[in-house]
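Structure record follows, encoded as structure tokens.
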Amino acid sequence: MSASKSQAKPLQGDAALVGRHYDSCVDAEAARLEKYSPVEYAITLRYFSRLLPPGNTIAEVGVGTGHYAEFFARRGCTLHLVDVSEGLLQAARNRLRSCGLEQNIGSVHRASGTDLPLADASMDAVLLMGPLYHLRDPQDREQSVWEAARVLKAGGLVAAAAINRISFLRDMFRYMSDSFTKDFFDARSQEASRTLRQDLRGQFVADFLKSGNLDPEHAPPIGYAHLTTATKFRALLTAHFEELALVGTESFTAPWQDKLASMPPEEAAGWLDIVEATGQWPEGMAYSDHFLFIGRKKS
């Protein structure tokens, strides 16, 4: 492993582009998990509760607006917040401050997952809940996973998220009609769907099927992104980590998961039990929008 780092390099390439994208849509990101993706959120928290102990020192790389940071802060964890978006970092800080949890923030860094300004073997856990579906260069994705391993203590845990490549095609086929897209990105997303439909046998589709890479013209809600397969995602992480879990977080609910928010708590919990069980099946993973990997650093 390399020497410890205290300062990240200036953002370049995809990291800079993604940072600007999220600076422009902080409100959408703040609303996404609880209102529009409650199944993804709930299932992810179940795995975090089960596999990541309280009281840890955690690097959250791709902190978003702080949903998971709040969860871990309430469990007594010390958090080192990393994101490419200054707007998201500020939103995460504000969230923790409003909850009286600001004292749990160990540090805040505007940096890429490919170049973490954190010391070697200094973290009990690293969350990569966004970087791996925004780094379009395979070498950058590999570097981000390597950096997570570098800053982890021996036996430390990584939790990483990815987006299922097939979910983009499904959403284009159904004309991007989900409520999240309509509320925040409707006009641009409708135009992107029309553009794709006019050239289904064109170069973009051929390239996407091979690489999984997207751009704001074709996918306004996510902008510059990389979507993967379960096989490729597993291979990326198991190079450095022993697999503890690889699941699809939404399973069969993926296109309709916002319905969970309107259910009575007991009914919602019952459905989540079924989602969790089927999200471990190959069929459930194939239907999911997101994959979640949790692993232990190899010795």
Exercise for the section: State the antiparallel share, in %, of DSSP beta bridges confined to the chain, rounding to the nearest 5. Expected result: 45 percent
Practice task
For K153, list the aspartates and glutamates whose Cα falls under 18 Å from its own Cα; do not include residues on the same chain fewer than 8 positions away.
Solution key: E60, D115, D120, D124, E242, E243
Exercise for the section: Would you mind telling me which residue in T228, T278, T195 has the biggest mean-square fluctuation in a Gaussian network model of the chain, where springs connect alpha carbons within a distance under 10 angstrom? Expected result: T195
Practice task
Between beta-carbons, use under 13 Å as the cut-off and find the net charge around C99, counting Lys and Arg +1, Asp and Glu -1.
Solution key: +3
Problem - Label point distance in nm, S211-S107, each placed 7 Å from Cα along Cα→Cβ - result: 3.3 nm
Handout entry: Gyration tensor verdict on the chain (Cα atoms; rounded if a/c is under 1.5, prolate if a/b is larger than b/c, oblate otherwise)
Key = rounded
Practice task
Taking only Cα atoms and a 10 Å spring cutoff, compute GNM fluctuations for the chain and point out the largest among P264, P282, P117.
Solution key: P264
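Since every read-out is calculated from the coordinates, none of them should be taken as a lab result. Please read these numbers as outputs of a predicted model, since none were measured by experiment. Because the Cβ atoms are built from the backbone with ideal geometry, glycine has one as well, and the counts that use them run over all protein chains shown.
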